Amino acid sequence: MNILIKYADDSNLRVPSDSDVDLTKEFNYVKENSMIINTAKTKEIAFKRPNRRLYITPLPITEVQHVSYDKLLRVTLCDTFRFDVHNGNVLKMCSQRVYLLKLFRDQGLPRRQLNTVFDALVLSTFFLYGVDLCQLN
């Protein structure tokens with residue numbers, strides 16, 4: 001069963017590998033009947049099973065960019081179902097925010113207020129982006 005998921009300003013089309021309709025036909029159907037699609041902003045990602053022998057490579061849609069990872073609702077999804085890229089992006093964002101905390105400290109912000117800003121900028125990011133702090137060790 002093919003599924004079209006619509007959000008405020010984007011949509012996602014999920015087509016399983018065992019579908020009766022191939023990806024290109026489904027994409028063309030959506031494009032012709034449902035909505036205007038900006039193919040310059042459209043990306044295709046084919047998720048792969050951990051066992052490569054069981055993976056069936058789908059025929060790519062020629063008019064869209066094929067990617068190995070992309071963001072969906074703040075989560076970076078990788079075609080191998082790993083979260084290394086997502087966790088790396090979150091850690092980079094937190095590193096930038098810790099640098100901002102260092103600037104605040106250098107400007108004389110008291111420790112109590114630094115802790116409050118840390119909770120708001122850094123710690124909340126881990127929870128917002130779904131990173132398990134125990135897995136980062």
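The values are calculated or read from the model by the stated rules, or taken from the named source; none is laboratory data. No experiment lies behind these values; they were computed from the predicted model shown. Cβ placement follows ideal geometry from the backbone for every residue including glycine, while neighbour counts extend to all protein chains displayed.
Computed values, structure above
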{"item": "Cβ-Cβ under 7 Å pairs, at least 6 apart or on other chains, the stretch 108-128 side assigned to a helix (DSSP H, G or I), far side of a type in the set (S, T, Y)", "result": "none"}
{"item": "All positions within the stretch 1-44 that are part of a helix (DSSP H, G or I) and either at pLDDT below 70 or not charged (D, E, K, R) (or both)", "result": "L23, T24, F27, N28, Y29, V30, N33"}
{"item": "Output for the stretch 84-107, where each listed residue is in contact (Cβ under 8 Å) with a residue 12 or more places away in the chain and touching a helix residue (DSSP H, G or I) at 6+ places or on another chain (Cβ under 9 Å)", "result": "N87, V90, L91, M93, C94, R97, V98, L100, L101, F104"}
{"item": "Residue satisfying condition, being within 18 Å of the chain's Cα centre (by Cα) and among the basic types (K, R), within set R82, R105, R112, R97", "result": "R82"}
